[in-house]
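**Student:** Handing you this structure, nothing more for now.
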């Protein structure tokens, strides 16, 4: 038994060094960079938690157990606290990288302002992380928060986890882009879905859907792990659909157009991949079918259809794929097909959930119809479209109209724009990219200006 | 999409649950301190029943259960089979009953329970370190049945 307390000391010392490093790293970054207020709050949480962890480690060693079970339990406790810090380790660097020069602050402000108009989210905050992956993520804060509560049973003086925080990650390479970052709306949809406990609300429908299809064995006869796994697939696919429709409700077709852009980059839009369901995602063909239905029903599709872009055609082509062609290869057709059938029976319920969440929000399609053509005209003349003159009067356009009109301009009208640029070399890839980037900057500036001109407020 | 840390958080939730019960059991076994034992036993019984499907309440986002997700149930499955978990539930119920009747907890029963929760926590921590993506046993069987079925009755 002599070796055990020394082992405990080593464990504690090793964890202490790890925590001190992370604390110092955060302090150094905060001193040298500027962050949005919600990131600052999370940095403070980390700092306070680090202080409490160090105090806890000393206490564990000072009050080392002498019995075999007591020591075992103490070492497991240290191992558990270490894993919590291992988890936080994964958040800290992406958080520290996301200083204000590296994130699309005007778009984040707009997103936050819109999110706060959704019932039950008036006080929420969004923390942005920069991810090394070329994809967008959302971190379930409900579970993180629960974990932090559990941690307080071990570290009673640990700070409470900041409330009503959405954690989203964007690829570090896209930090300053406007258009692809529209996908953040989908990620925030995950936060909304979780906060409103939508999975629990869907569960009766999920069970009913699974019981209504012919699986290789009756659903009710399956063991609990298998039942949960099947339910988990339907809930995950429903959640992804919900997030797509949530994003469209807030930001309009720009979300679908930006999705095409990203999925194309990830090579997800070619058959058979576009027809495949995966563990967490429905097939892209299904997702775009649901998006197109929503855009048509709300009038967005017609309003944004001119000029028609290659992306519009792509969305319609994907949406027209027959549902019978969807597959879930991971489990094979005889299980995958009825599982997909069960999921398709949930779609109306998912639409209702989105309507319950966003139904009261003001539709933005009218503003787009009103301001879209003028915004595009301003962009054609290389002018930031934050104050428009229409019929002799000045207007500050709706920022959602700016995002959609400028994205459509970027997709459809760059050729006309380029012809106005002296010395522009047709077919030059770098030149084309520069021009597209410039349009994004003007649109971003217009959103920032309109935030000031329409509603003086605070970001973050 | 959801981040890759999602499954790892699920494993930590299991580990925290096990640690909470473990602390109460060790306090009773080593120090004769039963103050936290009753609520810990009640928690353990409730969660383990949920895990084997006799008290299901999935998807509690705000206060997720220890065994609300597939990965969590699988972690328990890796430590003990369903019958053994059922036995553990009975043993914990007996401990709780004795406690209510003023009977001191038996050392052997406490030791068995401590061992069980130590294994569970260790397994959860290991899965946190090395998350795996395996399909559950029941699904494997369904897939196999599917393949047999599909070879006999091809889709039109």
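The values are calculated or read from the model by the stated rules, or taken from the named source; none is laboratory data. Computed from a prediction, not measured in an experiment: that's the story for all the values here. Here Cβ is always computed from backbone atoms with ideal geometry, including for glycine, and neighbour counts include all displayed protein chains.
**Student:** For the range A:25-38, how many residues are surrounded by 12 or more Cβ atoms within 10 Å (Cβ to Cβ) and modelled with pLDDT of 95 or more?
**Tutor:** Total satisfying the criteria: 6.
**Student:** Just give me the residues in the range A:221-249 being away from every other protein chain (no Cβ under 11 Å) and more than 16 Å from the chain's Cα centre (by Cα), in sequence order. Walk me through it before giving the result.
**Tutor:** Of the residues in the range A:221-249, the ones away from every other protein chain (no Cβ under 11 Å) are A:234, A:237-238, A:241-242, A:244-249.
Once the filter is applied, which keeps residues that are away from every other protein chain (no Cβ under 11 Å) and more than 16 Å from the chain's Cα centre (by Cα), the range A:221-249 yields only A:234.
**Student:** I need the full set of residues from the range A:207-220 which are at the interface with chain B (Cβ under 9 Å from one of its Cβ atoms) and touching a residue at least 60 places away in the same chain (Cβ under 8 Å), in order please. It would help to see each step written out before you state the result.
**Tutor:** Step one: of the range A:207-220, the residues at the interface with chain B (Cβ under 9 Å from one of its Cβ atoms) are A:215-217.
Correct list: A:215, A:216.
**Student:** If you take the residues in the range B:65-93 that are free of Cβ contacts under 8 Å to residues at least 24 places away in the same chain and out of contact with any helix residue (DSSP H, G or I) (no Cβ under 7 Å at 6 or more places or on another chain), which one is surrounded by the most Cβ atoms within 10 Å (Cβ to Cβ)?
**Tutor:** Among residues in the range B:65-93 that are free of Cβ contacts under 8 Å to residues at least 24 places away in the same chain and out of contact with any helix residue (DSSP H, G or I) (no Cβ under 7 Å at 6 or more places or on another chain), the one surrounded by the most Cβ atoms within 10 Å (Cβ to Cβ) is B:68.
**Student:** Another question, then. Output the residue which, of all residues in the range A:121-144 that are farther than 24 Å from residue A:175 by Cα and within 8 Å of chain B (Cβ to nearest Cβ), is surrounded by the fewest Cβ atoms within 10 Å (Cβ to Cβ). Working first, answer last.
**Tutor:** Filtering the range A:121-144 down to residues farther than 24 Å from residue A:175 by Cα leaves A:121-123, A:142-144.
Subsequent filtering for residues that are within 8 Å of chain B (Cβ to nearest Cβ) retains A:142-144.
Details: A:142: 17, A:143: 21, A:144: 21.
Checking each candidate, the answer is A:142.
**Student:** Quick one: in the range A:159-196, which of the residues that are within 13 Å of another protein chain (Cβ to nearest Cβ) and assigned to a loop (DSSP other than H, G, I, E, B) is nearest to residue A:243 (Cα to Cα)?
**Tutor:** My answer is A:196.
**Student:** Which residue is farthest from residue A:52 (Cα to Cα), if the candidates are limited to the range A:136-158 and must be assigned to a loop (DSSP other than H, G, I, E, B) and modelled with pLDDT of 85 or more?
**Tutor:** Going residue by residue through the range A:136-158, those that are assigned to a loop (DSSP other than H, G, I, E, B) are A:136, A:140, A:155-158.
Cutting the leftovers down to modelled with pLDDT of 85 or more gives us A:136, A:155-158.
Values: A:136: 32, A:155: 7, A:156: 9, A:157: 7, A:158: 6 Å.
Among those that are assigned to a loop (DSSP other than H, G, I, E, B) and modelled with pLDDT of 85 or more, it is A:136.
Yes/no matrix, rows are residues, columns are (1) within 14 Å of chain B (Cβ to nearest Cβ); (2) buried (at least 21 other Cβ atoms within 10 Å of the Cβ):
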{"position": "A:251", "(1), (2)": "no, yes"}
{"position": "A:269", "(1), (2)": "no, no"}
{"position": "A:279", "(1), (2)": "yes, no"}
{"position": "A:298", "(1), (2)": "no, no"}
{"position": "A:320", "(1), (2)": "no, no"}
{"position": "A:353", "(1), (2)": "yes, yes"}
{"position": "A:359", "(1), (2)": "no, no"}
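**Student:** Could you please find all residues in the range A:194-240 being at pLDDT 95 or above and under 21 Å from residue A:112 (Cα atoms)?
**Tutor:** Within the range A:194-240, A:239, A:240 meet the criteria.
**Student:** Assuming residue B:90 fulfils every condition listed in (1) assigned to a helix (DSSP H, G or I); (2) at pLDDT below 95 apart from one, which condition is it?
**Tutor:** (2)
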